[in-house]
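Coordinate-derived values only; no laboratory data. Owing to the predicted nature of the structure, the values given are computational and were not obtained by experimental measurement. We place every Cβ from the backbone using ideal geometry, glycine too, and count neighbours over all the protein chains shown.
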Amino acid sequence: NKQIVLASRPEGAPSREDFKFIDAPLPEPDAGQVLVRTLYLSVDPYMRGRMKDTKSYAPPYALNEVIKGGTIGQVVESSEPNLRKGDLVSGMWGWQQYAAVNTGDISLIDTEEAPITAYLGALGMTGLTAYFGMEDIGKPKDGETVVVSGAAGAVGMIAGQIAKIVGARVIGIAGSDEKCAYLKEKLGFDVVLNYKHEEDMSAAIERACPAGVDVYFDNVGGEISDAVLRHINRNARIPLCGQISSYNLEKPDIGMRPQTLLLTNTALMKGFLVGDYAKSFKEGRAKLAKWIKEGHIQFEENIVEGFDQTPEAFMGLFSGDNLGKQLVKVADP
Ligand code: NDP
């Protein structure tokens, strides 16, 4: 049973040395537990935050403990009445090939609804993040201008498409021409900007948004967000979803202070955590599943093969290796 533990807290960008592979004995499930075999695991930007020893909404990962995160697996041993051998389940047991997990900590996956990997992406945490950020804070309307940063990532591509469904004009910001082409040609984004090619991001936003910005779904923070915020309209809404550009910084990056712009435009900037919407996950998932079925939402997954590639897949999030949800395939069902 191979496991990956946090060997050291990364300084700056995470590196392979921060992770250690361990060969542990196969766990024996206690009463109330089942043994699961990992099929797919999720690597996510928020995990970088948990590698720091600082107070946040989720506790820091302990050194030399298995890195926990979204996982999909198959029950291989169960004496519990509600779960049978062969059942497909999702949970948070993380970066290990096998785990003994409490039945209350896992949910059965409905394979009729979507391919299993979708439960770590479009119908999982990242899809739900896009859904609640838009539904509860962004609230895009027909004809409004919506800007999404990190637009070709797992959250961003769903957020942009949700805005398209209501008839908004959607501008996506991403870090490669391939990603931009995908957003424009496959997903129908109205304008795409490759921030790595734009010398003056603020001017690019101004050109892309002649009527100003009504909603800015922020996945990245930093200079990209400074540029977008300069162009917000009266009563703009800004769901603060992520700030990935700052996760590897050793010193805080101050940048522009947007308070005056928020004030004079009576704008709402609100941070949110998807976990706080847990009571409504069922409703959100049903809505997303319906849109996927109707073809209003498409999504992409970047699947790396092999448990041993997990640290690389995680590190790749910070160099933009992924188009869509980054997953690691560990085994076949
Ligand atoms: P993504 O699939 O978007 O992967 C990360 C992407 O971020 C990369 O592909 C890269 O794309 C981009 N990126 C990396 N570094 C930078 C940088 N310095 N500047 C600009 N872009 C960068 O990840 P997710 O969709 O899972 O997450 C997106 C954001 O949402 C993250 O900030 C994450 O922390 C946040 N999040 C928040 C949640 C909440 O509850 N609030 C829940 C889930 C995610 P590119 O090639 O375009 O640079």
Could you please state, rounded to a whole Å, how far the C-alpha centre of the range 1-43 is from the C-alpha centre of the range 140-171?
35
With 5 Å bins from 0: P(r) over the range 280-333, alpha-carbon pairs, percent
4, 17, 18, 16, 14, 19, 10, 0
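Figure the gain on full extension for residue 105 and residue 186 (residue separation times 0.36 nm, minus the Cα-Cα span) and round it to one decimal in nm.
Taking 0.36 nm per residue and subtracting the Cα distance, the gain is 25.5 nm.
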Roughly how many debye, to the nearest 20, is the charge dipole of the chain about its Cα centre, given +1 on each Lys and Arg Cβ, -1 on each Asp and Glu Cβ, and no other charges?
780
What's the whole-number percent of alpha carbon pairs in the chain lying beyond 25 angstrom?
52
Grab the eigenvalues of the alpha-carbon gyration tensor for the range 125-275, scale each by 5, take roots, and send me the semi-axes largest first in whole angstrom.
19, 18, 17
Spelling it out for residue 77: with amide H atoms placed in the peptide plane at 1.01 Å from N, the residues 5 or more places away or on another chain with amide H under 5 Å from its amide H are 35
When only Cα pairs under 8 Å and 6 or more residues apart are kept, what is the percent relative contact order across the range 125-275?
23
Mind pulling the angle between the C-alpha long axis of helix 154-165 and the longest principal axis of the chain? Nearest 10 degrees, somewhere in 0 to 90.
50
In deg cm²/dmol, rounded to the nearest 500, the helical mean residue ellipticity at 222 nm of the chain, built from -39500 (n - 2.57) for every DSSP H run of length 4 or more, is -6500 deg cm²/dmol
Please give the Cα centre distance for the range 176-202 versus the range 92-135, rounded to the nearest Å.
29
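What ranking of 191, 328, 101 emerges when the number of other C-beta atoms within 10 Å of each C-beta is taken as an exposure proxy, fewest first?
Starting with the residue having the fewest Cβ neighbours, the order is 191, 101, 328.
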Calc'd 3J(HN,Hα), the range 290-297, phi into Karplus 6.51 cos²θ - 1.76 cosθ + 1.60 (θ = phi - 60°), Hz, glycine/Pro = x, comes to 5, 5, 5, 4, 7, x, 6, 10
With springs only between Cα atoms under 10 Å apart, run a GNM on the chain and tell me which of 118, 58, 211 wobbles the most.
58
Dipole of the chain, positive end: most advanced residue of 192, 271, 127 [Cβ charges, Cα centre]
271
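Is there a pair in 55/279; 293/325; 186/325; 20/251; 55/196 whose C-alpha atoms are over 21 Å apart, and which pairs would that be?
Over 21 Å Cα-Cα: 55/279; 20/251; 55/196.
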Using 0.36 nm per residue of separation minus the Cα-Cα distance, give me the extension gain between residue 54 and residue 278 in nm, one decimal.
78.2 nm
Most mobile of 170, 43, 34 per a Gaussian network model of the chain (Cα springs, under 10 Å)?
34
Table column - 3J(HN,Hα) (Hz), the range 282-289, Karplus curve with 6.51, -1.76, 1.60, x for Gly and Pro:
4, 5, x, 5, 5, 5, 5, 4
One point scatterer per Cα, no solvent, Debye formula: log10 I(q)/I(0) for the range 1-150 at q = 0.09 Å⁻¹ comes out as -0.36
How large is ³J(HN,Hα) for each residue in the range 84-101, as worked out from phi by the Karplus curve 6.51 cos²θ - 1.76 cosθ + 1.60 (θ = phi - 60°), to whole Hz, x for Gly and Pro?
10, 3, x, 5, 9, 9, 10, x, 10, 6, x, 7, 8, 6, 9, 8, 9, 10
For residue 177 and residue 21, calculate 0.36 nm times their separation in residues minus their Cα-Cα distance, and state this gained length in nm to one decimal.
52.6 nm
Calculated FRET efficiency, residue 259 and residue 62, Cβ-Cβ r, R0 30 Å, to nearest 0.05?
0.20
Take 79, 246, 42 and order them by how many other Cβ atoms sit within 10 Å, fewest up front.
79, 246, 42
For each of 125, 256, 157, 51, count neighbouring Cβ atoms within 10 Å of the residue's Cβ, then give the residues from fewest to most.
256, 51, 125, 157
